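The values are calculated or read from the model by the stated rules, or taken from the named source; none is laboratory data. Being a predicted model, the structure only gives us computed values, none of them experimental. Note that we place each Cβ from the backbone using ideal geometry, even for glycine, and neighbour counts take in every protein chain shown.
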Amino acid sequence: MLATDAKITLSSVCSPEHTPMSYPDIVQGEMMAAQEPSPPSSLEGNKPGFPKKILSNNLKDKHLCNSCQKILRRPLQAQCGHRFCSFCFNNTVSSGPQKCSACIKEDLFEEHTSILKQGGAFPDNAARREVEALAAVCPNEGCTWMGTIKEFEASHEGDCDFMIILCPSCKELMRANEQERHNERECPERTLNCKYCKEPFLLKNIKAHDEICPKYPMICEGCAKKKIPREKYVDHIKFCSKFKSPCRFHVVGCDTSVEKEKIHDHERQCSYEHLNLLLHFIMGIKLQLQGEKTKVVELSRRCQELELKVSTFENIVCVLNREMEYSCTTMEAYNHQHRLDQDKIEILNNKVRQLERTVSLRDLSIVEMEGKMREMSAATYDGIFVWKIWDFTKKRQDAVAGRAPAMFSPAFYTSKYGYKMCLRIYLNGDGTGRGTHLSLFFVVMRGHSDALLKWPFNQKVTLMLLDQNNREHIIDAFRPDISSSSFQRPVSDMNIASGCPLFCSLSKLDSKNSYIRDDTIFIKAIVDLTGL
């Protein structure tokens, strides 16, 4: 895809109402139009759509972005035909391919065309020109500007004097044309310059600044001189003869402050009072020292007691350390033994799993052998086979429910090395007999001696449902159709079954209890051995 809008001359994208082009046509259109320059504003794709209230006329849905639901800015058309602002589309696919929400909402989702992905949209210049030509008004209250959306974006959108902006300092909202006055006169967070030191400070910190300003004018309390900068005030009072300073004996209780030039006179006149204060101060220190000595004696006694206790505890700690070392050694030995035991357990578990697999394989072999033994014990080798089906009621219910619609009999043979065959019965019928008849079929199976036999199978087959009173057997016989695949030499375990879908009516089976006795029926098959 091209990085900038390209003029697409194909008629299929000249109007927003038209069906979107196929993707190869889109790429071809972009390459044909790549030479036409785009307006400077089209290079900006870092904003969502225009606010709806800038339109002076009625708003149409085709002018809206399917993502931000605002008026299209730098419209892109996706493969599915929906339009998006360039900013909105790129923001949507920045984390990977996404399903088009508009396609889902309109129930038009298609697996290949409704996926939004990088490079999967092209600049829709027809829609852009149509949007930019719409009449617009400034959405800011009090502004009377009017023009087109293109003019609004190019010269007015970010420069309107009536747009609401946020003061970065105090976070107050104001119009753009009020910003200068707010910054100079109204903002409580505005910065001022000190009229004394010229350093900047915040308005709310004016008092704190006055207390530390090095140029702030001070008044000498001694000579009453004014406008002394704070940075020179200390030097001034050092040499000011009128400045009153505390008496040197203020540390022992003299509260008098005198001018520097009179300090010596004060000390001569008050020497008795100073000595008296000094005496009281020294006596107080002496008493305090005596108290401290008593505390020192007490602390020394307590230190001796603590030393005795510490000595006792040291012995206890030594014993505990030895016990701890023994415990650590024992624990390490236990841990070592535990690791050895775990290794042995893992080895034994592996052996158990191996034995379980071996047992499972043996069980499968046993089951397979038992099946073969049952098959061999049930097999006959004279072409005559009687199949006993017990638990008839349950098996018929399973057939009706569809759980086990068909059953196969054990295999039987025409001779030791003859044809291998079996029967297949549908207790609820199959095909045309489903639900009304018992269906019985004959199946030719693949045997070990098939290479020695004559094919196709052409022996007469007789199927019988035995009357257990030996009176009225149900009999059906047929001779194989040698052209049918059911009687050719088997290439799989068994051929397609062939036989009688309408072998016996279920109503007849139910009405006469001589066919079903002790919940058991008998099926007999006879294969004519003539010619074998």
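Kindly indicate whether any position in region 286-295 is within 30 Å of K227 (Cβ to Cβ) and of a type in the set (K, R). So far as region 286-295 goes, no, none of its residues is within 30 Å of K227 (Cβ to Cβ) and of a type in the set (K, R). Screening V234 with (1) within 30 Å of C213 (Cα to Cα); (2) within 60 Å of the chain's Cα centre (by Cα) gives one miss only, at (2). Picking from residues in region 250-276 that are of a type in the set (D, E, K, R) and not in a helix (DSSP H, G or I), the one that is surrounded by the most Cβ atoms within 10 Å (Cβ to Cβ) is E259.
If only residues of region 211-249 that are outside any strand (DSSP E or B) and touching a Phe, Trp or Tyr at 6+ places or on another chain (Cβ under 6 Å) are counted, the one that is farthest from S169 (Cα to Cα) is G222.
Could you give me the residue pairs with C-beta distances under 6 Å whose first residue belongs to region 465-480 and is in contact (Cβ under 8 Å) with a residue 60 or more places away in the chain, whose second residue is among the basic types (K, R) wherever it lies, and which are 6+ apart or on separate chains? Close Cβ pairs satisfying both conditions: L466/K524. With the structure loaded, tell me whether C500 is in a strand (DSSP E or B), in contact (Cβ under 8 Å) with a residue 24 or more places away in the chain and in contact with a Ser or Thr (Cβ under 6 Å, 6 or more places away or on another chain) or whether it fails that test. Considered against the rule, which asks whether it is in a strand (DSSP E or B), in contact (Cβ under 8 Å) with a residue 24 or more places away in the chain and in contact with a Ser or Thr (Cβ under 6 Å, 6 or more places away or on another chain), C500 comes out as no. Examine region 145-165 for a residue that is closer than 18 Å to F89 by Cβ and among the small types (G, A, S), and state whether such a residue exists. Within region 145-165, not a single residue is closer than 18 Å to F89 by Cβ and among the small types (G, A, S). Among all residues of region 142-150, there is at least one that is touching a residue at least 60 places away in the same chain (Cβ under 8 Å), surrounded by 15 or more Cβ atoms within 10 Å (Cβ to Cβ) and of a type in the set (D, E, K, R). Every listed requirement among (1) of a type outside the set (F, W, Y); (2) more than 29 Å from E151 (Cβ to Cβ); (3) surrounded by 22 or more Cβ atoms within 10 Å (Cβ to Cβ) is met by N66 save one, (2). Screening R357, R396 for residues that are farther than 30 Å from Q468 by Cα and among the charged types (D, E, K, R) leaves exactly one candidate, R357.
Conditions (1) within 30 Å of S409 (Cβ to Cβ); (2) among the basic types (K, R); (3) modelled with pLDDT under 95; (4) surrounded by 10 or more Cβ atoms within 10 Å (Cβ to Cβ), marked per residue:
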{"residue": "S327", "(1), (2), (3), (4)": "no, no, yes, yes"}
{"residue": "T358", "(1), (2), (3), (4)": "no, no, yes, yes"}
{"residue": "E370", "(1), (2), (3), (4)": "yes, no, yes, yes"}
{"residue": "R374", "(1), (2), (3), (4)": "yes, yes, yes, yes"}
{"residue": "T380", "(1), (2), (3), (4)": "yes, no, yes, yes"}
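A count restricted to region 441-491 and to residues that are in a loop (DSSP other than H, G, I, E, B), closer than 20 Å to Y413 by Cα and polar (S, T, N, Q) stands at 4.
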